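Trainee: Before I ask anything, here is the structure I am working with.
The values are calculated or read from the model by the stated rules, or taken from the named source; none is laboratory data. Note that the coordinates shown come from a computational prediction; the quantities given were computed from them, not determined experimentally. Backbone-built Cβ (ideal geometry, glycine too); neighbour counts: all protein chains shown. Just so you know, the surface numbers come from the protein's heavy atoms only, side chains and all, with ligands and any DNA or RNA stripped out. Shrake-Rupley method; radii C 1.70, N 1.55, O 1.52, S 1.80 Å.
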Amino acid sequence: QVWVEAGNFQMGTSTTPNLDLFGPGEKDFADEVPGHPVTLTGGFWLGRFEVTNEQFRRFRPDHMSGRHRGHSLEGLAQPVVNVSWEDALAFCRWLSTRTGLDVRLPSEAEWEYACRAGSTTQFSQGDSPASLEGFANAMNPEVARSFGYGWTPFPWEDGSHVTAPVGQYQPNAW
């Protein structure tokens, strides 16, 4: 776990993102603009990594994350996917009971604040997509070629066609 101190930040964006990197339409970002100031009055604990298949299967042993275009999403260290909101909440309740801690999902504001890690740039490492190299599992040129996506890929190979095992990339500043 990581302790995230209370603070202020600009949530969302005041500029239109580079849509070539993120998908086919501006409508996908309608809830990101306009940027607006947010104050988090209390600090909070946040998991250092995503919940893995191995961890989630302690709660729901029969869960299957599935496959994407022929690639398995079932690795024990891969983040769990194909989980409903209700299942995520049930997992938090189950984990709270097992640990005696108050486990919950972060709010949207808490999540964005932690992801931004005090930055004011488009990405926590900078404004350039290249600044994410080594920090993010992003659509790379090989994925774009093999899956036939029409989006502009990020300019590096990250070694993963789908979700990568947690902890494979550098953390942000927090």
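Trainee: For the chain, with a Gaussian network of springs between Cα atoms less than 10 Å apart, report the residue from ASP158, ASP102, ASP87 with the top mean-square fluctuation.
Mentor: ASP102
Trainee: Rounded to the nearest percent, how much of the accessible area of the chain (1.4 Å probe, protein heavy atoms only) is carbon and sulfur? Spell out each step's value before the answer.
Mentor: On the way: 5780 of 10710 Å².
It is 54 percent, rounded to a whole number.
Trainee: Run the 1.4 Å probe and let me know the accessible area of TRP45, rounded to the nearest 10 Å².
Mentor: About 150 Å², rounded to the nearest 10.
Trainee: Tell me, which longest segment in the chain has none of the trypsin sites (Lys or Arg not before Pro) that fall in DSSP loops with at most 12 further Cβ atoms within 10 Å?
Mentor: Numbers: sites that count: ARG48, ARG69.
It works out to 70-174.
Trainee: About the Cα centre, and with charges only on the beta carbon of Lys, Arg (+1) and Asp, Glu (-1), how big is the dipole of segment 59-124? Nearest 20 debye, please. Let's see the in-between values first.
Mentor: Values: 7 positive and 8 negative charges, 35 e Å.
Dipole magnitude for segment 59-124 comes out near 160 debye.
Trainee: Skip the ligands, DNA and RNA, and give the accessible area per residue of the chain with a 1.4 Å probe, whole Å².
Mentor: Numbers: 10710 Å² over 174 residues.
Ligands and nucleic acids excluded, the result is 62 Å² per residue.
Trainee: Counting pairwise Cα distances across segment 58-113, what percent come out greater than 18 angstrom? Don't skip to the end; give the middle numbers.
Mentor: Working: 719 of 1540 pairs.
When all Cα pairs of segment 58-113 are counted, 47 percent exceed 18 Å.
Trainee: Does segment 72-142 come out rounded, prolate or oblate, given a ≥ b ≥ c as the square roots of the eigenvalues of its C-alpha gyration tensor, rounded meaning a/c under 1.5 and, failing that, prolate meaning a/b above b/c?
Mentor: Oblate shape, in that a/c is at least 1.5 and b/c is the bigger or equal ratio.
Trainee: Between HIS68 and residues 5 or more places away or on another chain, which pairs have amide H atoms under 5 Å apart, with H built 1.01 Å from N, and which residues are they?
Mentor: For HIS68, whose amide H was placed from the backbone, the distant partners under 5 Å are LEU73.
Trainee: Only Lys, Arg, Asp and Glu count, each charged at its Cβ (+1, +1, -1, -1), so figure out the dipole size of the chain about its Cα centre, rounded to 20 debye.
Mentor: Numbers: 12 positive and 21 negative charges, 115 e Å.
Computed charge dipole of the chain: roughly 560 debye.
Trainee: Could I ask something else about it? Given Cα positions, please report Rg to Rh for the chain, the hydrodynamic radius being the Kirkwood one. Intermediate values should be presented prior to the final figure.
Mentor: On the way: Rg = 17.4 Å, Rh = 18.1 Å.
Using Cα coordinates only, the ratio equals 0.96.
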